[in-house]
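A.B. asks: Have a look at this one before I ask anything.
The values are calculated or read from the model by the stated rules, or taken from the named source; none is laboratory data. Everything numeric in this text was worked out from a predicted model, so none of it was measured. Cβ placement follows ideal geometry from the backbone for every residue including glycine, while neighbour counts extend to all protein chains displayed.
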Amino acid sequence: MIGFDIFEPYQFEFFRNAVIVSVLAGAVCGLIGVYVVLRGMSYIGHGLSHAVFGGAAAASVMGINYFLGAGLWGIASGLLIGRVARRRIIGADAAIGVVTTASFAIGLVLFAVYGQAHKSLEASLFGSVLGVGRGDIIAVLVVGLVTLFAVVVQYRPLLFATFDPEVAHVTGVPVARMEALLMTLLSLTVLVTMRVIGVLLISALLVTPAITARMLTKSFGRMLWLSPLIGSATAFVGSNISYHTDWPTGATVILVGAVLFTVVFIASGAKGRRSVDGMDHHAEPSLRAA
Amino acid sequence: MTSLIDFVHVSCGYGGLPAIENVHISIAAGEFLGVVGPSGSGKTTLLRALLGTVKPLHGTVTRKEGVRLAYVPQVETVDWNFPVTVGEVVLMTRTKRPWPGAAKDEKTQVDALLERLGLEGLAKRHIRELSGGQQQRVFLARALMQRPDLLVLDEPTSGVDVRTRHEILHVLTDLNEEGIGIVLTTHDLNGLAAHLPRLVCFNRAVIADGPPLAVLRPSFLERTYGAPMEVLEHGGMPVVVDGNLGEFSRRLKAKSAS
């Protein structure tokens, strides 16, 4: 039998940093992911990460601080996407596609021209935990705390605006401001976690823990703490597996999440079918089973 | 009587095109008013203008200062897959509290409200795990959490069975007797509209406004629905039946005889 020490990598500071940042990224993506999934914003999250990449590339080439350059770009595109998505004349998904892929294309061109000189761009694209420093950990931690604070303090307005925007508006909830708040938090989350997970995989970390949590509960409040828990647990397991297998960390984390999702999907499918039998006559079993 | 809402020559619509035109209505405190009209007649736009979510293109909608309005949407518009329990739905209107959990007084209120609407013990259930009447009452409970002066309901009895309809009417009458004003839209002329104290026939504009016996008349109904209708009287109540159906039944009878 080959000797295998699961604690071995923890002697390296880079690995400890990598695990900390991955777990934090999993938690913050899981938290904001609840809103992303319930508001049907998965595509916006996906697009946003591509848009932020353009900003990251521009910031890198111009020698501006990554968080500042990509952050301003990200927030601007986030708000722009939110606005475009409200317009009904153009299909929202098409408009988002145009805005974000154009931004991504700018990033790719800059990467092709200046890529060799800017290693951080490659990290943004595919994700890398090797270069994670104290600054990255603090950035994810700060965004995580800000998001947690906003979600706690604005819990009810955010829930109301997500579940039933029209009635929320009538009741005096500033629905547009809540949307802007979520878009800003989403942009910030994408910004600080992108270098860890990578542009191409970040949307999976936004969606997978949240839908897994959704299958495990029927309460919004419970989903809101379950999803970050799943996000950080999969990030923890994924980053450890990644060290021992030498697979890319972002991809491993996403794969662990996908496996967990599959298990829960199969298990809750069976449970769901059982619960249909006990339904009263008002519920449509065919819809329930779906 | 003090009026809560005044529509003065109001036109409203979307993208510059009016869906309702030159509407002139007053709603007094404690009234119980039904709005009837065909699909696409602008009933929902009328409610939206009343609630203030649609701004008038012309005219003014005046709400009495400090009036509390609460809206109960059509249950068909609710996302039944959303992970939310009965308790969470009822509490979500209390948006001022900057904390997810319920305060002690909120808990007491929610429990009292659920009990009075016959929903006790269901707070932890998912909204989908309820009967049609219970689902409607959950959204009524959410509206009542705001202690409204005027309750606005869009099609509260659409798609429900007779027993549930009676149940809903019963609750609404109780609330009205306590002084809460009620405005609702309905398709149900005989099952609901004919029993209300005041009725508005509506098709892009007010066609008739008054007690059911004065409003449910063939001429008004034809102008509202664009189809002939007859009105019978049964025990002092108007009963609306489709007009000109004789020809269909003659043809169908002839077919089955041949």
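A.B. asks: Return yes or no: is A:L121 in contact (Cβ under 8 Å) with a residue 40 or more places away in the chain and outside any helix (DSSP H, G or I)?
C.D. replies: On the way: in contact (Cβ under 8 Å) with a residue 40 or more places away in the chain: yes; outside any helix (DSSP H, G or I): no.
So A:L121 fails the test.
A.B. asks: Identify, please: which residue in segment A:200-220 is out of contact with any Phe, Trp or Tyr (no Cβ under 7 Å at 6 or more places or on another chain) and without any contact (Cβ under 8 Å) to a residue 60 or more places away in the chain and is, among those, surrounded by the fewest Cβ atoms within 10 Å (Cβ to Cβ)?
C.D. replies: A:S219
A.B. asks: Would you check if there is a residue in segment B:90-98 being under 20 Å from B:E167 (Cα atoms), facing another protein chain (nearest Cβ under 9 Å), of a type outside the set (V, I, T) and within 22 Å of the chain's Cα centre (by Cα)?
C.D. replies: Here is the first cut: in segment B:90-98, the residues under 20 Å from B:E167 (Cα atoms) are B:90.
When the remaining residues are screened for being facing another protein chain (nearest Cβ under 9 Å), the result is none.
So far as segment B:90-98 goes, no, none of its residues is under 20 Å from B:E167 (Cα atoms), facing another protein chain (nearest Cβ under 9 Å), of a type outside the set (V, I, T) and within 22 Å of the chain's Cα centre (by Cα).
A.B. asks: State whether the residues of segment B:118-131 include one that is within 25 Å of B:L50 (Cβ to Cβ), out of contact with any strand residue (DSSP E or B) (no Cβ under 8 Å at 6 or more places or on another chain) and surrounded by fewer than 20 Cβ atoms within 10 Å (Cβ to Cβ). Show your work before the answer.
C.D. replies: Looking only at segment B:118-131, we keep the residues that are within 25 Å of B:L50 (Cβ to Cβ), and these are none.
There is no residue in segment B:118-131 that is within 25 Å of B:L50 (Cβ to Cβ), out of contact with any strand residue (DSSP E or B) (no Cβ under 8 Å at 6 or more places or on another chain) and surrounded by fewer than 20 Cβ atoms within 10 Å (Cβ to Cβ).
A.B. asks: Is there a residue being farther than 17 Å from B:Y71 by Cα, without any contact (Cβ under 8 Å) to a residue 60 or more places away in the chain, within 12 Å of chain A (Cβ to nearest Cβ) and in a helix (DSSP H, G or I) anywhere in segment B:152-162?
C.D. replies: Within segment B:152-162, none of the residues are farther than 17 Å from B:Y71 by Cα, without any contact (Cβ under 8 Å) to a residue 60 or more places away in the chain, within 12 Å of chain A (Cβ to nearest Cβ) and in a helix (DSSP H, G or I).
A.B. asks: Something else now. Which is at pLDDT 80 or above and more than 14 Å from chain B (Cβ to nearest Cβ), of A:A102, A:A85?
C.D. replies: Just a single option satisfies the conditions, and that option is A:A102.
A.B. asks: Right, next: Name the residue that is farthest from the other protein chains (Cβ to nearest Cβ), counting only residues in segment B:72-89 that are part of a loop (DSSP other than H, G, I, E, B) and surrounded by fewer than 18 Cβ atoms within 10 Å (Cβ to Cβ).
C.D. replies: First, pick out the residues of segment B:72-89 that are part of a loop (DSSP other than H, G, I, E, B): B:73-74, B:78-84.
So of that shortlist, the ones also surrounded by fewer than 18 Cβ atoms within 10 Å (Cβ to Cβ) come out as B:74, B:79-81.
Working: B:Q74: 11, B:D79: 7, B:W80: 8, B:N81: 9 Å.
Across segment B:72-89, the extreme among qualifying residues is B:Q74.
A.B. asks: Which condition from (1) under 20 Å from B:D154 (Cβ atoms); (2) touching a strand residue (DSSP E or B) at 6+ places or on another chain (Cβ under 9 Å) is the one that B:A227 breaks?
C.D. replies: For B:A227, the exception is condition (1).
A.B. asks: OK, next. Name the residue that is farthest from B:S3 (Cα to Cα), counting only residues in segment B:165-201 that are part of a helix (DSSP H, G or I) and acidic (D, E).
C.D. replies: Once the filter is applied, the top-ranked residue is B:E167.
A.B. asks: Could you identify the single residue in A:V151, A:V132, A:V173, A:V167 that is in a loop (DSSP other than H, G, I, E, B), of a type in the set (A, V, I, L, M, F, W, C) and within 14 Å of chain B (Cβ to nearest Cβ)?
C.D. replies: Criteria check complete, one pass: A:V173.
A.B. asks: Right, next: Condition (residue is part of a loop (DSSP other than H, G, I, E, B), on the phi < 0 side of the Ramachandran plot and surrounded by fewer than 22 Cβ atoms within 10 Å (Cβ to Cβ)) applied to segment B:12-33: is it met by at least one residue?
C.D. replies: Scanning segment B:12-33, I find at least one residue that is part of a loop (DSSP other than H, G, I, E, B), on the phi < 0 side of the Ramachandran plot and surrounded by fewer than 22 Cβ atoms within 10 Å (Cβ to Cβ), so the answer is yes.
A.B. asks: Exactly one of (1) surrounded by fewer than 21 Cβ atoms within 10 Å (Cβ to Cβ); (2) assigned to a loop (DSSP other than H, G, I, E, B) is unmet by B:T44. Its number?
C.D. replies: (2)
A.B. asks: Return yes when A:R156 is more than 9 Å from chain B (Cβ to nearest Cβ), of a type in the set (D, E, K, R) and assigned to a helix (DSSP H, G or I) and no when it is not.
C.D. replies: Values: more than 9 Å from chain B (Cβ to nearest Cβ): no; of a type in the set (D, E, K, R): yes; assigned to a helix (DSSP H, G or I): yes.
It is false that A:R156 is more than 9 Å from chain B (Cβ to nearest Cβ), of a type in the set (D, E, K, R) and assigned to a helix (DSSP H, G or I).
A.B. asks: Among A:G45, A:G54, which is the only one that is modelled with pLDDT under 85, of a type outside the set (K, R) and either crowded, with 17+ Cβ neighbours inside 10 Å or on the phi > 0 side of the Ramachandran plot (or both)?
C.D. replies: A:G45
A.B. asks: Step by step: first the residues of segment B:108-126, then only those that are more than 15 Å from B:T93 (Cβ to Cβ) and part of a helix (DSSP H, G or I), then the one that is nearest to the chain's Cα centre (by Cα). Which residue is that?
C.D. replies: Only one residue fits best here, namely B:R116.
A.B. asks: Moving on to the next point. Restricting attention to segment B:47-62, and to residues there that are surrounded by 18 or more Cβ atoms within 10 Å (Cβ to Cβ) and within 13 Å of chain A (Cβ to nearest Cβ), which single residue is farthest from B:A141 (Cα to Cα)?
C.D. replies: B:V54
A.B. asks: Is it true that A:G221 is within 10 Å of chain B (Cβ to nearest Cβ) and part of a helix (DSSP H, G or I)?
C.D. replies: yes
A.B. asks: For segment A:228-273, which residues satisfy the criterion of being of a type outside the set (G, A, S), assigned to a helix (DSSP H, G or I) and closer than 15 Å to A:L201 by Cα?
C.D. replies: Answer for segment A:228-273, where residues must be of a type outside the set (G, A, S), assigned to a helix (DSSP H, G or I) and closer than 15 Å to A:L201 by Cα: A:T234, A:T249, A:T252, A:V253, A:I254, A:L255, A:V256.
A.B. asks: Return a yes/no flag: does segment A:2-17 have any residue that is among the small types (G, A, S) and within 16 Å of A:I202 (Cβ to Cβ).
C.D. replies: no
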